[in-house]
Amino acid sequence: MSDIAREAGVNVVMPRMPAMVRPGWLRRGNATFLVAGLLGVLLIAAALLAPVLAPFDPGAQKLLARLRPPIGFSRAVAPYWLGTDALGRDLLSRCLYGLRLSLALALFGTVLGLAIGVTLGLVAGLARGMTDALLMGFADVKLATPFTLVALLVIAIAGSGIGVLITVLGLAYWAQFARLVRGQVLSLRELPYVEAARSIGASPWRVAVRHMLPNLVGPVVVMATLSFSNLILLESALSFIGIGVQPPTATLGSMVGQGRDYLASAPWVVAVPALLIVLVSLSAMLLGDELRDRMDAALRER
Amino acid sequence: MSAFLFRRLLRMAVTLWVIVTAVFMATRFTGNPIDYIMPEGLDADGRRAMIAYWGLDRSGFDQYLLFWRSLFEGEFGLGLVERRPVTAIFAERIGRSLGLLSLTLLATIAIGVPLGVLTAVWRRRQLGTWVLFAAFIGYAVPNFVLAILMLLLFSFTLHWLPSAGATTWLHYVMPTMALSAYFIAALVRYTRNAMLDVLGQDYMRTAHAKGLGPLTVLIRHGLRNALIPVVTVLGLQIATLVSGAVVIETVFAWNGMGDLLVGATLLRDYPVLQFGVLIVACAVIVVNALVDLAYAAIDPRVRLA
């Protein structure tokens, strides 16, 4: 089973019919893909437009309007569509900005993990021998260690700033990228056109950049999508237990974490960001799965 | 088998060495460790005595050797918050953590494998699709969100289940459900795929043809072969399970090792954190190796690969 499949589980799409009897537009996944895609676009647009859409400053407190429920419940106040938290901050505005930060952190983490992993994977696959054994040994250690422990240790030592958090997120999936790229490089280097490039005297660097990297784009993009959706969850989990983004800045995870004290009296403070996390996660997972199934034919067969 | 045993144990030893060294480097070479392990309000003499006691005035390599010696002597220092040996702090919490982990593992296998087999058998039925859909939801919803939503429903609305602590068996219901949902979902999908591969095999037709009952064919010939890849995947998920338990223990104020480690991080209680990370990471690696060995003992193909 490929690393990607192992990482993300196995596809939930129906058992595959032969491609011949199933025209592309009739595919069963299409409807899910469309719904998940629309939801994804909507969420990304909401995150990008947060400064425009948010009716309030996410940190602005109004103590007279504390713990108001969303519109439609008793005691709700007009401009606070999704209610307010314990400090009278507008939940809708906080959710929009929290979503924005969550997505940005996951994006930076993915880029960092991709950069580390692809570089190490390329080096391991091209150099082979001891270097390969060493790097893949490290990747194995990384994969065998519960990552939350690593995150706790790093954050305890380096403090919990945004930069540290991005580093932690970047460290979370480098090993998966590295193993994927190494495997691809090892199989690519045996292909005739790579051999041809080598035999006319192309330098290893040129072979790596001009002949191998373009062929790695597909699988790496798929892996990046999966890493992105997983990093959203990792970031929200870390912020939820209090070691991620620090107040007063909020992400969806930290909103759920801090709202826990009001579960009995003001459940919406937790429920609103929690349901938003569910939406984000569902759409990201569905898109990641679909993308893998569509682009990942070569990987799936391994 | 002995060659495989040797290789696997060697890999385990190297991994353990890397982890111990990484923890040592992380705690020694990022700032002055004496600031981490020293109780507050110690005078200059006390500080010097502590530095000498922990060997922090010696060279890096000597400190590294000392670190190893302290590991073998079980000398891990005092927790900064509770002011007692960290070993004692962990000793009274490890039971609750292991209880949650083993119950989760049990629930995962007891629910995930049968559902996976059923969805494979029901692959043309509506019901199978619904089970798969539920599995996808369980897979995509993060464990802490699930835990919070369950708390809202079962504790604060219906008042059926206690919201925090680990005293009665009722306390175990929600944490186990929240933690195992993801793994059940994953196991359903793996088992289903493995079963679908097996169901198309010639030996299944042979088993049917020689007149065995459908259940016997499914379990004895089908499941036994399908479980082989499933066990590997389950072994790989142990690290994820422990990561998830840290979060779930925090949600339910479990008083286990997970929420202890989170608390230690927030309070910068380095002796507790260092010891906890070491023993939990090492335990996971040893368990991983044991799963691999057990697996190789069952399936000879693994040894030759």
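Every number here is computed from the coordinates shown, using simple stated rules; none is lab data. This one's a predicted model, so the numbers in the text were calculated from it and none came from an experiment. FYI the Cβ positions are ideal-geometry reconstructions off the backbone, even for glycines, and counts take in every protein chain you see.
In what sequence do A:S93, B:S155 fall when counting other Cβ within 10 Å, fewest first?
Values: A:S93 24, B:S155 18.
Ordered from fewest to most neighbouring Cβ atoms within 10 Å, A:S93, B:S155 come out as B:S155, A:S93.
For chain B, just say rounded, prolate or oblate: build the C-alpha gyration tensor, square-root its eigenvalues into a ≥ b ≥ c, call rounded for a/c under 1.5, and beyond that prolate if a/b exceeds b/c, oblate if not.
Taking the square roots of the gyration eigenvalues as a ≥ b ≥ c, chain B is oblate.
Could you identify which residue out of B:L127, B:L199, B:L98 has the top mean-square fluctuation in a GNM of chain B using Cα springs shorter than 10 Å?
B:L127
Could you work out how far the C-alpha centroid of the range A:113-174 sits from that of the range B:106-130, in angstrom?
Taking the Cα centre of each part, the range A:113-174 and the range B:106-130 sit 36 Å apart.
To make sure I understand, if each residue's beta carbon is the centre and we count other beta carbons within 10 Å, what order do B:Y203, B:Y190, B:Y182 fall in, fewest to most?
B:Y203, B:Y182, B:Y190
Using only helices, what value at 222 nm comes out for chain B when you add -39,500 (n - 2.57) per DSSP H run of length 4 or more and divide by the total residues, to the nearest 500 deg cm²/dmol?
The helix-only estimate for chain B comes to -24000 deg cm²/dmol at 222 nm.
R0 = 45 Å: FRET efficiency of A:V111 with B:K210, Cβ-based, nearest 0.05?
On the way: r = 58 Å, r/R0 = 1.28.
Result of the calculation: an efficiency of 0.20.
With label points built 7 Å along Cα→Cβ from the Cα atoms of B:R84 and B:S59, find their separation and express it in nm.
4.0
Modelling each spin label as a point 7 Å along the Cα-to-Cβ direction, I'd like the A:A202/A:D261 distance in nm, to one decimal.
Result for the modelled spin labels: 6.1 nm.
What is the distance in Å between the Cα centres of the range A:66-112 and the range B:245-260?
26
State the Cα centre-to-centre distance between the range A:261-286 and the range B:161-237 in whole Å.
First find each Cα centre; the distance between them is then 30 Å.
How would you classify the protein assembly as shown from its alpha-carbon gyration tensor, with a ≥ b ≥ c the square roots of the eigenvalues: rounded for a/c under 1.5, else prolate if a/b is greater than b/c, otherwise oblate?
Judged from the Cα gyration tensor, the protein assembly as shown comes out rounded (a/c under 1.5).
Can you sort B:L5, A:L122 from fewest to most other Cβ atoms within 10 Å of each residue's own Cβ?
Lowest count first: B:L5, A:L122.
Below 8 Å between Cα atoms, with a sequence gap of 6+, how large is the relative contact order for the range B:150-305 in percent?
21 percent.
What net charge is computed for the residues neighbouring A:R94, neighbours being all others with C-beta under 15 Å from the C-beta of A:R94, Lys and Arg scored +1, Asp and Glu -1?
Computed value for this residue: +2.
Report the FRET efficiency, 1/(1 + (r/R0)^6), for B:V14 and B:R268, where r is their Cβ-Cβ distance and R0 is 45 Å, rounded to 0.05. Let's see the in-between values first.
Numbers: r = 31 Å, r/R0 = 0.68.
For R0 = 45 Å, the calculated efficiency reads 0.90.
Would you mind computing, in nm to one decimal, how far apart the modelled labels at B:T157 and B:V286 are, each placed 7 Å from Cα along Cα→Cβ?
Computed distance between label sites B:T157 and B:V286 equals 4.4 nm.
Once all Cα-Cα distances of the range A:45-122 are split into 5 Å bins that start at 0, what whole-number percent is in each one?
Spelled out per bin, shortest first, that is 3, 17, 19, 16, 13, 9, 7, 6, 5, 4, 2, 1.
Just from its helices, what would the mean residue ellipticity at 222 nm be for chain A, if runs of 4 or more DSSP H residues each count -39500 (n - 2.57) and the sum is divided by every residue, rounded to the nearest 500 deg cm²/dmol? Each step should come with its number before you reach the end.
On the way: 13 runs with 198 residues, N = 302.
That calculation yields -21500 deg cm²/dmol at 222 nm.
Can you tell me, using C-alpha contacts under 8 Å and at least 6 residues apart, the relative contact order of the range A:152-302 as a whole percent? List each step's numbers first, then the result.
Values: 113 pairs, mean separation 33.9, N = 151.
Computed value for the range A:152-302: 22 percent relative contact order.
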